[in-house]
Every structure is written in structure tokens, then in C-alpha cells.
């Protein structure tokens, strides 16, 4: 505990005045700065242990005629009722919290049935955020948390050249050969799956900055489309086809290891991308990538 009474006494005595009543007592000050310039003495308190924004200044000024004047100013946070508390990773009590975490990008492999392997690339990539908003309960006695969240995922499946993704009138997804249209360039052909995901996660801190997490993820695959871009004879073509028969609900598992906020993750999606019979079989996808995790 720091009392500034003695410092104020020294300021007033230095100006040839007697100290009267106590001016101010400040406990747990972070920094006290006293300056003097041409008879103008200022003492400033910057921050408290529980309030970084707190400022207090006591000023004693002596005029040319010997008159001494003293002023004080104080600035602090204004709160109403119970203020929001700062996030404290060293809290020892169990508590609920809301958070945002787990932005990631990853690359991996997708299982493709033998008949489609000459056309469809088996590598894949994804990006997303696992917990756009998450609600968790912390058991800080052993630094663990159980949480449920909601986020978004974008998964991409690519065609080999010179092929394009295509869809028939009855909704079946298949392959088109771009070389049949003539000489082409700038070919890109992706199947894009957009998902709303709901992770149920258990996170365990095993060292001061090291965390391990496992999660089961339910995906609502609300939108899928085929995106094709290519050029033929200086004419650019860009098409997007939706109305596909993707699997609406699927389940994945994830594992995360992180140091401070940065980490790596592994994701395994065993179920097929499309309902049976509507596309060459794509399943058993796994991705390995980087993640901004945090805890």
C-alpha cells in the first residue's frame, strides 16, 4: 500500500507552508511522478493495481508575490452497477465465459473412388473459424475448459486439367472435358462446400503456454456450388452452379495443439460429401493446418 501524504507534506513544506488536513490517500498506486519547475511542483499518480486508466495530479504553485495555490485533478473509469471484468488467465475460480477463437487454414487429402481418380484431385484445402462465438465453462483449478460454439467452414475440392465440374439436369454432378471446346488457358474448377459448424470442445492447458484440445464438430452444409473459370480465344468464361445434392448434416473430429495463441490442427471428416448416387464418391477427408487458437 502506498500513501502519498508524506509526499504532499514535503511539497507544501518546501513552499514554506504548514500541512493541514490530509489531502489525499491513494492505495496500490502503480507509479508516482513528482516534478518541479520554477516554483511549480506537481505530483502525478499513473494507474492503480486494479485500474490502469486511473490518473491523479496534485499541483502546488507559488506566484511571484509569494502566494501559494494548490489544485488537484482525478480521472478514473465511470461504472454503473457491476462493471465488466478484464479477462484474467490466472483466475482460480470456475466460471463461464464467452469468447472468439480458432481461425484456421489447412491442406489435406480426400478419398476418391477409383473411377473418378483420373479427373478429381485428391488434395483439398479449407479455411474458416471454429468459434465465431463460443460459450465455455472453465475449471481453472486444473486449467481446463468445456465449450460449445458456432462458426463457419469453407472446403474446396479441385478438378484436374483439362476437366471441369458439371451438373446434369437431374442434379447429378459429373465431369466435362474442356479440351473438347478447343485451346484454353486459365482453367480453374472447384467444388466449394460452405458449412455452419458447431464444435463441442474440451481444452486442457498442460503447461504455462501450451494447450491441447479435442473436439467433435457437427456441420450443417447449407450451400454447395461448382465454380469454373477459363478462357478460350481471348474470351473469359466464369460459371457458378448450385442446387447440388450435398449431405446436409455431417460430423467431424478435430485435435489442436497450440503454444500461446498459435498452433496446428488435424481434422478428419469420414462421411461422403454428397448423398449417395449424386456424385463420384468423396469421403474420408483429412486436413492439417495452422490455427490461431488461444485459451
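The values are calculated or read from the model by the stated rules, or taken from the named source; none is laboratory data. In this text the structure is predicted, and so the values were computed from the model without any measurement. Using ideal geometry, Cβ is built from the backbone for each residue, glycine included, and neighbour counts are taken over all protein chains shown.
Below, the figures for the structure above:
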| item | result |
| --- | --- |
| Counted residues, the stretch 164-179 - those being crowded, with 16+ Cβ neighbours inside 10 Å and farther than 27 Å from residue 268 by Cβ | 5 |
| Residue in the stretch 13-24 that is touching a strand residue (DSSP E or B) at 6+ places or on another chain (Cβ under 9 Å), over 30 Å from residue 144 (Cα atoms) and modelled with pLDDT of 50 or more present | yes |
| Residue 175 vs. criteria assigned by TED's automatic domain parsing to the domain that holds residue 282, touching a residue at least 24 places away in the same chain (Cβ under 8 Å) and within 25 Å of residue 252 (Cβ to Cβ) | no |
| Single match in 182, 186, 134 (criterion: over 17 Å from residue 273 (Cα atoms), within 21 Å of the chain's Cα centre (by Cα) and either touching a residue at least 12 places away in the same chain (Cβ under 8 Å) or surrounded by 15 or more Cβ atoms within 10 Å (Cβ to Cβ) (or both)) | 134 |
| Condition check for residue 222: in the same structural domain as residue 99 (by TED's automatic domain parsing), touching a strand residue (DSSP E or B) at 6+ places or on another chain (Cβ under 8 Å), under 30 Å from residue 148 (Cα atoms) and free of Cβ contacts under 8 Å to residues at least 24 places away in the same chain | no |
| Residue pairs meeting the criteria (Cβ under 9 Å; at least 6 apart or on separate chains; first not assigned by TED's automatic domain parsing to the domain that holds residue 211, in the stretch 253-265; second outside any loop (DSSP other than H, G, I, E, B) and at pLDDT below 95) | none |
| In the stretch 148-162, residue farthest from the chain's Cα centre (by Cα) [restricted to those that are over 17 Å from residue 272 (Cβ atoms) and surrounded by fewer than 19 Cβ atoms within 10 Å (Cβ to Cβ)] | 162 |
